[in-house]
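Working notes for the structure below.
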């Protein structure tokens, strides 16, 4: 049996990943999460009895060491992190604590000869884009935000430990991923919730800043392929859609699809953290996925129906 550790496994993306992997009875899934931002509702209930949940903070000294002593991990997915633009801007010191967890984890992966460490990085490492689309190897990483700096540092740990100790890794630079069960801290969930209640939708600045939105199913499919098909070993890959949408267009689309009476209210632009453009070069992702990504409107309709079902039930 293959034993897999997923840190932050009660979060949105990591929980979906755990649920997908748990369907395979040949995998034993160990989920570590502090539940500070995660939820037990995202932890899979496996019919194969192959999931273990550990309530703990990956940054606390000794937590990971004890777990590695108890379990023989073949692979590790490190998704635990403080996330959300406002939360990370408001709690920069807490963001820096994630460095402790990253450092302990790479050392343990080397000591216990883990076959590969998968790391959730972020589009935020690119900062204000020097050129578009953002490419994994040629686009400079120029963000000054603590969250992005920590993600960049995590990538540096992986490259360094690979060079000196032979630790195999894959870095996923996630661009905006959305879907059912996502926290309301994030833009699509927030907009949909407001639209379904016919409440005002607030947009920072003029709303012309662009983002790309990747449905959760595409994210999980390509990351599982990377794992099971041995793709992108000791490499970095952008995971996200390459179709740009302005935040204002997103709000307007959600209002239309939800058949909402919501109005759009413009707030002052954020002082930091709200980059003007985001668009990945996702040619690596598309090559492995082997199909077109789920269209934004199709994905939004699934999320809208999820929220409506939640209200009905």
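Values in this text are rule-based calculations from the coordinates and carry no lab data. Predicted model only: the values in this text are computed from it and were never measured. When we count neighbours, we look across all protein chains shown, and the Cβ atoms used for this are built from the backbone with ideal geometry, even at glycine.
Here are the numbers for the structure shown:
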read-out: FRET efficiency, 1/(1 + (r/R0)^6) with R0 25 Å, evaluated for residue 224 and residue 110 via beta carbons; value: 0.55
read-out: Three semi-axes of the equivalent ellipsoid, segment 1-91, Cα gyration tensor, whole Å, largest first; value: 22, 16, 10
read-out: On Cα atoms only, tilt of 12-22 relative to the major axis of the chain in degrees; value: 50
read-out: Global geometry of segment 38-193, whether rounded, prolate or oblate, following the gyration tensor of its Cα atoms and the 1.5 cut on a/c; value: oblate
read-out: Distance from segment 113-150 to segment 63-82 (C-alpha centre basis), Å; value: 23
read-out: The chain: relative contact order as a whole-number percent, Cα under 8 Å and 6+ apart; value: 17
read-out: For the chain, fraction of C-alpha pairs farther apart than 29 Å, in %; value: 34
read-out: Viscosity 1.306 mPa s, 10 °C: Kirkwood-radius Stokes-Einstein D of segment 119-176 over Cα pairs, µm²/s; value: 134
read-out: Point-to-point label distance, residue 206-residue 89, nm (Cα→Cβ direction, 7 Å offset); value: 1.9
read-out: Residue with peak Gaussian network fluctuation, the chain [Cα springs, cutoff 10 Å], from 49, 217, 235; value: 49
read-out: Segment 175-215 - percent relative contact order, Cα under 8 Å, separation 6 or more; value: 60
read-out: Pair residue 156, residue 295: separation of 7 Å Cα→Cβ label points (nm); value: 4.4
read-out: log₁₀ of I(q)/I(0) at q = 0.17, 0.20 Å⁻¹ - segment 143-284, Debye sum with one point per alpha carbon; value: -1.04, -1.27
read-out: Inter-label distance, nm, simple model (7 Å from Cα along the C-beta direction), residue 55/residue 96; value: 3.0
read-out: Percent RCO, i.e. relative contact order, over segment 155-313, from Cα pairs under 8 Å lying at least 6 residues apart; value: 33
read-out: Residue among 173, 87, 211 with the largest mean-square fluctuation in a Gaussian network model of the chain, springs linking Cα atoms under 10 Å; value: 87
read-out: Geometric extent, Cα atoms of segment 61-152 - Rg, Dmax (angstrom); value: 15.2, 46
read-out: Rg/Rg_globular for segment 1-43, with Rg_globular taken as 2.2 N^0.38 Å and Rg from C-alpha atoms; value: 1.07
read-out: Residue with peak Gaussian network fluctuation, the chain [Cα springs, cutoff 10 Å], from 178, 169, 112; value: 112
